[in-house]
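Participant: Take this structure, written in structure tokens, and hold onto it; I'll ask about it next.
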Amino acid sequence: MAANGTTTKTTQRKSAPRTTKTTTSRTDGQRIREGLNKVRNGSVSYARQTAERTVDVPVGVVLTVADRVNEVVEPFTKRETAERELKSFRTQVERELNKLERRGATSRRKARTRARQTRNRVQRQVKQRRRRFETTVKQNRVQVEKGLKQAQTTVQERVSTLV
């Protein structure tokens, strides 16, 4: 066992039997060389594409940023266009604020409606339960009173028979 906990094992590889040089072995060799050339060319191509990409991406970013800065700065080169652009911005901001206000008001109204509906439903349920409870209590009281009256009369009858 080796120091790192793995076992060392030696294997013997058998070499492939050598064939005599014939026309087929030459075509195999040619095929192998062609395959190697393709792999080399593919590697070179891949490396070239990677290098081009690493250069192209930052250049593209710089050009895009330059275009956007130009779009932002261009309307402010003259006073008239700057005022027009600012007025347009103000209008857009007012529109967005109005949209947000309407959305907030709608949400507030819906929340208030949901709260009112929930409150009404809970009140209804409480009233129904209270009515059922009161009815049950009254019925039980009436039954208990009847039972007491019957017990009282039977006790009075027994006492009167005894005396």
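Every read-out reported here was derived from the displayed coordinates using simple, explicitly stated rules and does not represent laboratory data. These figures come from a predicted structure and were not determined experimentally. With ideal geometry, Cβ positions are generated from the backbone for all residues, glycine too; neighbour counts draw on all protein chains shown.
Participant: If you average the alpha carbon positions of segment 54-75 and of segment 96-158, how far apart do those two centres end up, in angstrom?
Facilitator: Taking the Cα centre of segment 96-158 as reference, the centre of segment 54-75 is 69 Å away.
Participant: Calculate, axis by axis, the spread of Cα positions in segment 24-77 along the three principal axes, and write the results as whole Å, longest axis first.
Facilitator: So the extents along the principal axes, rounded to whole Å, are 77, 12, 7.
Participant: Please turn the phi angles of segment 136-152 into ³J(HN,Hα) values with the Karplus equation 6.51 cos²θ - 1.76 cosθ + 1.60 (θ = phi - 60°), one per residue in order, whole Hz, x for glycine and proline.
Facilitator: Values, residue by residue: 5, 4, 4, 4, 5, 5, 4, 5, 5, 4, 4, x, 5, 4, 5, 5, 5 Hz.
Participant: I've got another one for you. May I ask you to give the average projected area over all directions of the convex hull of the Cα atoms of segment 78-155, in nm² rounded to one decimal?
Facilitator: If you wrap the Cα atoms of segment 78-155 in a convex hull and average its projections, you get 5.5 nm².
Participant: Taking 7 Å along the Cα-to-C-beta vector as the label spot, tell me the Q150-R102 distance in nanometres, rounded to one decimal.
Facilitator: Inter-label distance under the simple model: 7.3 nm.
Participant: Continuing with the same structure: Which FRET efficiency, nearest 0.05, do K138 and R112 yield, Cβ-Cβ r, R0 35 Å?
Facilitator: On the way: r = 39 Å, r/R0 = 1.10.
About 0.35, to the nearest 0.05.
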